[in-house]
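Report on one structure; see the data block that follows.
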């Protein structure tokens, strides 16, 4: 770096607002010169006011520690001198700077130098990091960070981070630095000077870049794509069927690769079952409990069959997490263990992949949107390291997701594209066509069924993992969703004659080829203006309509089932009138645009520049999307089908146009049977939760396999549940419908406190209601007996699911209250979870539009909606919740079910019959405490 001083500052304060009188209690500074730390400074500061208890708890800084410390006035001059002619650097720079400026002002000082924000610079330089919290980055980059939330430790970590950023920027190619300099003027950080200095050093020394793995394509530096595909002639002479013997008899060779690996009987059984299903062309369902090793259990026979039949095999998952795990964990393991080469790859839909041509063009657009500019800087750096071009690798700012809508691959990416030889999507497809295993997700698999031009290579066998989600994804795929933002985004992207939108670019194209129409732009602008007003009115009207009929004021997201024949009132009729007008306006808009677009049919594509070609393609895209939007309005508001459920969701506390309208089929079994299962020789569906009362019949009927007579296999878990889990049911919980939600929440909170004190570790509490969770959380937070516990609640401002999960793991004693997404997919092995509490049996709300419509539909078909639908769904959910507790063979914990219907109702036994056999203790709570204590603290049980 140039001989420049960087002073990295961190402060601790009594609160968040200097304007409201909050003061500094500790300040630290680390000085960097010539790429090295040359000085450190730290001082506690007497704020001349009490430090709030939560700040003391967070920072460890007490009133006693600052009592004899200097006031800010006594250190102000020294600090100001330190910052003179230096860059002011901080992690979230405006926070630290605003406090210092406020304090400086009192003593006649002011800092006016350049600033650097390490949050922003890290986002740019390391665009694939999951988190940009200083403690997380310290872990990721192995930087010493002894005391988070202490200024000296935070300043040291931030200084090390800045040096890490400088090193990354220094390694960038010249062309990437040149592109970043164009964007840097809009950053929070004064980074232009630093980037220009780096660039001039490279140009003076004529050192292109220190990374031979990067190639320059037109104006972009891209990581060289190395073809890792094995050549075909390497195929194995071995009889693949014998490969199973490696797992049955070759334990020694496997443990050399992975010492902790052990072959499980359930896994071997799964291998044989999957291979048998493929070789006999049968569909098969395999319920594989936690710990059965099901991923390896299906991958080995899948590879054997693929090589034997010389055709690819599809593995479909519900979550990206499992896809990544398979590719980064299981596949490398098998590549070391199996004595033959194979190729496995991930293939996703076009929207996941960056179109380099579009991105190059976007760098010429003059954006004033900060998120867009930061996202472009992130992508520039990401291109020097990504091998896939898959957006899932990126951690974009929220607005960057909107930008991605203009950057991903679509049909316009395949015509005369100068980047075609480096197209990420085409490379992914090429790799998939040569692969043995193609990993994709349920949505992609099912959307490909509908496509005339298939994305997935021809396949005859498929493994559907996380199969309990397959029906739900199919329902979503066949459904439609309409919202204001989508139409508003299309209208904004068109823009006007006075903005740099699509319309202005299109008219410039017309003018160049003398195809302009004197009235086109005025007419279009007029329609767009009216359409904007009408849609705003339409969605605001829907918002008010739902709000008036649903009084769930405690919920932000409110659902209202739409039954057109029952909405016979004046307000609804005026909403329908607006829907009609919007359709007519879109019709007029499309007619106008199509007429103007047709004029370009006479122009040869050779005459068009890349920008012009993309502009015309983008106009075509808008026309297609507008058409779909118009058809969706027709379907949602003017057509009726018995087997379709429609509903409106609003954000009651959000914007007045925050409205989403949905339509979904009530059942998809016939569709899946005819369109999917009938077209493959063998589908293997697997999950830990497929059976209800040890029977697959509910799943078979819902998924469309009834006419195929599939194989049905239950693999028992390798866990000894009777020794590892005990179920406790207090008999003295109030009946939920007989007391207020406040009283019920108080009873839950009391039991949480009791169990937490005895278990003295980590506890997960699963709710079915957000309102009950929030009320319980407030009570538990105020429980003085739980001061030693970190208490977190989903939807209470404690952070996202991944943030909550990470924080929960970091504390020795913690209570996490979760609902919805915490019932499955989170993993807390070993000491991470000592107790699981299920507040209520997880029956879906009968008011939920999908539940209500499905129940009605089933009753009309002669079924009992409770026993044939609500109960099986609740049991499957209960099984998923139960699965959170024991994840490894040496885990041990207690299950607490507060809903005593599990032992008093006639259907309660169905829940117990669906989980492994475990001991149950059912008594009033004050009698249970001794049993819980005895079981937790006595390793032999009791």
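The values are calculated or read from the model by the stated rules, or taken from the named source; none is laboratory data. Model, not experiment: these values are computed from the prediction. Here the Cβ positions follow ideal geometry from the backbone for every residue, glycine too, while neighbour counts run over all protein chains shown.
Check region 761-770 and report whether any residue there is more than 31 Å from the chain's Cα centre (by Cα), crowded, with 21+ Cβ neighbours inside 10 Å, modelled with pLDDT of 90 or more and in the same structural domain as residue 868 (by TED's automatic domain parsing). Give the derivation first.
Step one: filter region 761-770 for residues more than 31 Å from the chain's Cα centre (by Cα), giving none.
No, there is no match, as no residue in region 761-770 is more than 31 Å from the chain's Cα centre (by Cα), crowded, with 21+ Cβ neighbours inside 10 Å, modelled with pLDDT of 90 or more and in the same structural domain as residue 868 (by TED's automatic domain parsing).
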query: In region 99-142, which residues are without any contact (Cβ under 8 Å) to a residue 40 or more places away in the chain, over 15 Å from residue 395 (Cβ atoms) and surrounded by 20 or more Cβ atoms within 10 Å (Cβ to Cβ)?
result: 138
query: Does residue 788 satisfy the condition of being surrounded by fewer than 18 Cβ atoms within 10 Å (Cβ to Cβ), within 30 Å of residue 442 (Cα to Cα) and either at pLDDT 90 or above or within 32 Å of the chain's Cα centre (by Cα) (or both)?
result: no
- request: Using the structure shown, decide if residue 9 is in the same structural domain as residue 78 (by TED's automatic domain parsing), assigned to a strand (DSSP E or B) and touching a helix residue (DSSP H, G or I) at 6+ places or on another chain (Cβ under 9 Å).
  value: yes
- request: Scan 276, 227 and give me the residue that is out of contact with any strand residue (DSSP E or B) (no Cβ under 7 Å at 6 or more places or on another chain), at pLDDT below 90 and either closer than 29 Å to residue 358 by Cβ or not in a loop (DSSP other than H, G, I, E, B) (or both).
  value: 227
message: Residues that are under 30 Å from the mean Cα position of the chain (by Cα), free of Cβ contacts under 8 Å to residues at least 24 places away in the same chain and more than 30 Å from residue 811 (Cβ to Cβ): does region 874-890 have at least one?
response: no
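Test residue 416 against the stated conditions and say whether it is part of a loop (DSSP other than H, G, I, E, B), surrounded by fewer than 17 Cβ atoms within 10 Å (Cβ to Cβ) and within 25 Å of the chain's Cα centre (by Cα). Lay out the reasoning, then the answer.
Working: part of a loop (DSSP other than H, G, I, E, B): yes; surrounded by fewer than 17 Cβ atoms within 10 Å (Cβ to Cβ): yes; within 25 Å of the chain's Cα centre (by Cα): no.
Considered against the rule, which asks whether it is part of a loop (DSSP other than H, G, I, E, B), surrounded by fewer than 17 Cβ atoms within 10 Å (Cβ to Cβ) and within 25 Å of the chain's Cα centre (by Cα), residue 416 comes out as no.
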query: Considering region 715-732 alone, what residues qualify as being surrounded by 21 or more Cβ atoms within 10 Å (Cβ to Cβ) and touching a helix residue (DSSP H, G or I) at 6+ places or on another chain (Cβ under 6 Å)?
result: 715, 726, 728, 729, 730
- request: Return yes or no: is residue 361 in contact with a strand residue (DSSP E or B) (Cβ under 9 Å, 6 or more places away or on another chain), over 30 Å from residue 297 (Cα atoms) and at pLDDT 90 or above?
  value: no
field: Any hit, region 598-606, residues being closer than 21 Å to residue 476 by Cβ, surrounded by 15 or more Cβ atoms within 10 Å (Cβ to Cβ) and either in contact with a helix residue (DSSP H, G or I) (Cβ under 7 Å, 6 or more places away or on another chain) or not assigned by TED's automatic domain parsing to the domain that holds residue 510 (or both)
entry: no
field: Within region 52-75, tally of residues that are in contact with a helix residue (DSSP H, G or I) (Cβ under 7 Å, 6 or more places away or on another chain) and crowded, with 19+ Cβ neighbours inside 10 Å
entry: 1
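Residue under question is residue 565, and the condition is that it be within 30 Å of residue 362 (Cα to Cα) and either at pLDDT below 95 or not in a helix (DSSP H, G or I) (or both); does it hold?
Working: within 30 Å of residue 362 (Cα to Cα): no; either at pLDDT below 95 or not in a helix (DSSP H, G or I) (or both): yes.
No, not satisfied.
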message: Exactly one of these conditions fails for residue 890: (1) closer than 14 Å to residue 836 by Cβ; (2) outside any helix (DSSP H, G or I). Give me its number.
response: (1)
field: Residue list for region 609-618, filter: farther than 13 Å from residue 502 by Cβ and in contact with a helix residue (DSSP H, G or I) (Cβ under 7 Å, 6 or more places away or on another chain)
entry: 610, 613
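So, in region 623-647, of the ones that are farther than 30 Å from residue 506 by Cα and in contact with a helix residue (DSSP H, G or I) (Cβ under 7 Å, 6 or more places away or on another chain), which residue ends up surrounded by the fewest Cβ atoms within 10 Å (Cβ to Cβ)?
Step one: list which residues in region 623-647 are farther than 30 Å from residue 506 by Cα, which gives 635-647.
Adding the requirement that they be in contact with a helix residue (DSSP H, G or I) (Cβ under 7 Å, 6 or more places away or on another chain) leaves 637, 640, 643, 645-647.
Details: 637: 22, 640: 10, 643: 13, 645: 24, 646: 23, 647: 20.
By that ranking, first place goes to 640.
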- prompt: How many of the residues making up region 554-579 are in contact (Cβ under 8 Å) with a residue 12 or more places away in the chain and over 36 Å from the mean Cα position of the chain (by Cα)?
  reply: 4
field: Given (1) surrounded by fewer than 22 Cβ atoms within 10 Å (Cβ to Cβ); (2) more than 17 Å from the chain's Cα centre (by Cα); (3) within 21 Å of residue 746 (Cβ to Cβ), index of the condition residue 793 fails
entry: (1)
field: Selected residue (criterion: surrounded by the fewest Cβ atoms within 10 Å (Cβ to Cβ)) from residues of region 188-202 that are under 25 Å from residue 218 (Cβ atoms) and touching a helix residue (DSSP H, G or I) at 6+ places or on another chain (Cβ under 9 Å)
entry: 201
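Please enumerate the residues belonging to region 166-180 that are more than 16 Å from residue 196 (Cβ to Cβ) and outside any loop (DSSP other than H, G, I, E, B). So that I can check it myself, show each step before the final result.
Here is the first cut: in region 166-180, the residues more than 16 Å from residue 196 (Cβ to Cβ) are 167-168, 171.
Selection gives 167, 168.
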task: Select from region 27-38 the residues that are surrounded by fewer than 24 Cβ atoms within 10 Å (Cβ to Cβ), within 18 Å of residue 79 (Cα to Cα) and touching a helix residue (DSSP H, G or I) at 6+ places or on another chain (Cβ under 9 Å) and list them in ascending order.
output: 28, 31, 32, 37
